[in-house]
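Asks: I am attaching a structure below and will ask some questions about it afterwards.
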């Protein structure tokens, strides 16, 4: 059988330093390793430039002086690196498909689905395994989060007129102070993981970046509301700070997500809905509504991630249980939710300081705590804990809510 003819490219008078390399690269990319390409040209020094380029790229070159043409044999390196290449290379999945189980260091910062050239420098990301961080709904949640971003300057009517009794305004300032420190934790905990996530898992990376943006926005609006009437932020207690510190001590991404999103932010959705219902002014009401919407997405991601991890690693449930118990033991000697925050919530629900109103406010806060506990139990049940265990673990959750 006759040998296949050698493909030929004629660069005519175009020099390699004038764009001819683009033509040569594309033509050579169509050849397999060890395949030949015939090159013809008549620009000054084209053969010298071609020889230097082939040497730098690991291709073999020989000239036919009689025919004034060159033959390039494709070398083993840089397989699939040029435009239009069809090669096996170091392909790392489909851009729109499921990510790999384990993202290799050599894939580095490349787009998922790209072919990565041999010799690319490795990047060492601590979170590189799919079961350590993935959620099946991450892409959809990212799209929802991107569409739901809001601007504090325009989404909230900061100039809305209202006048509050001094005690009620002080209660708002105290609650806002409490919300700020909790949102600082909710921002910094996922931010600590962002730089550890292999970009192969881009949906999670993008979603957490927006989650951090959400929390930064919440810190801004809570701060603006606390100082709206000329007050400084109020009291931050040692017990509250100790509770939040345990989130930073979580041993891995999944545990941190479990404690922060599934338990803490889940309870915060209840709290923000409570504030929306009992807000004494329109600014506080708007803030609570918008922040609750964001927090609900954070909880949704936390649940989706833990459900995915438990689906591929059922024994991980033991680590979730241990994390709650360890946090409870760590905080056993602390005061939990400070009295100032509790009393402020009572006053906001009461609206005034009369005995009958305070009784209503106290009952409303008690119901809030029951709603928080019921929500935790439901989420724990979704993660596979039986009814009694979900009840027990919910009761061990920090009294500081987050």
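Asks: Treating the angle as unsigned and between 0 and 90°, give the value, to the nearest 10°, between the Cα long axis of helix 282-312 and the longest Cα principal axis of the chain.
Replies: Value to nearest ten degrees: 60.
Asks: On a 0 to 90 degree scale, rounded to 10, what angle separates helix 166-194 from the longest Cα axis of the chain?
Replies: Once rounded, one gets 30 degrees.
Asks: Find how many whole Å separate the alpha carbon centroid of the stretch 202-229 from the alpha carbon centroid of the stretch 99-147.
Replies: Centre-to-centre (Cα) distance: 24 Å.
Asks: Going by a ≥ b ≥ c, the root eigenvalues of the Cα gyration tensor, does the stretch 290-339 fall in the rounded group (a/c under 1.5), the prolate group (a/b larger than b/c) or the oblate group?
Replies: oblate
Asks: I'd like the projected area of the stretch 8-73, averaged over all directions, using the convex hull of its alpha carbons. Report it in nm² with one decimal.
Replies: 3.9
Asks: Before rounding to the nearest 500, sum -39500 (n - 2.57) across all DSSP H runs of length at least 4 in the chain and divide by the residue total; then give [θ] at 222 nm in deg cm²/dmol.
Replies: Helix contribution divided over all residues of the chain: -17500 deg cm²/dmol.
Asks: Using r as the Cβ-Cβ distance of residue 248 and residue 66, and R0 as 60 Å, what FRET efficiency do you calculate, to the nearest 0.05?
Replies: The value I calculate is 0.20.
Asks: Using only Cα atoms, find the angle between the long axis of helix 238-248 and the longest principal axis of the chain, and express it within 0 to 90 degrees, rounded to the nearest 10.
Replies: Computed tilt is about 20 degrees.
Asks: Give me the distance in nm between label points sitting 7 Å out from Cα along the Cα-to-Cβ direction at residue 307 and residue 154, one decimal.
Replies: In this crude spin-label approximation the distance works out to 3.4 nm.
Asks: Distance from a point 7 Å along Cα→Cβ of residue 236 to each backbone N in the stretch 323-341: keep the residues under 15 Å and list them by number.
Replies: So the set is 338.
Asks: Something else: Considering only the chain, what is the antiparallel percent among its DSSP beta bridges, to the nearest 5?
Replies: 75
Asks: If r is the Cβ-Cβ distance from residue 51 to residue 101 and R0 is 45 Å, what FRET efficiency results, to the nearest 0.05?
Replies: 0.50
Asks: With an 8 Å cut-off on Cα pairs and a minimum separation of 6 or more residues, tell me the relative contact order of the chain in percent.
Replies: 14
Asks: Using 0.36 nm per residue, how much length does the chain from residue 144 to residue 363 gain when fully extended, once their Cα-Cα distance is taken away?
Replies: Residue separation times 0.36 nm, minus the Cα-Cα distance, leaves 75.3 nm.
Asks: Looking at [x] 21.5, 79; [y] 30.5, 109; [z] 19.5, 56, which value of Rg and Dmax of the Cα atoms in Å comes from a calculation on the structure shown?
Replies: [y]
Asks: Can you tell me how much longer the chain between residue 111 and residue 30 gets when fully stretched, taken as 0.36 nm per residue apart minus their C-alpha distance, in nm with one decimal?
Replies: Computed gain between residue 111 and residue 30 is 26.9 nm.
Asks: Another question, if that's okay. For residue 382 and residue 209 in one chain, what is 0.36 nm times their gap in residues minus the Cα-Cα distance, to one decimal in nm?
Replies: Using 0.36 nm per residue and subtracting the Cα-Cα distance, I get 59.7 nm.
Values in this text are rule-based calculations from the coordinates and carry no lab data. This one's a predicted model, so the numbers in the text were calculated from it and none came from an experiment. With ideal geometry, Cβ positions are generated from the backbone for all residues, glycine too; neighbour counts draw on all protein chains shown.
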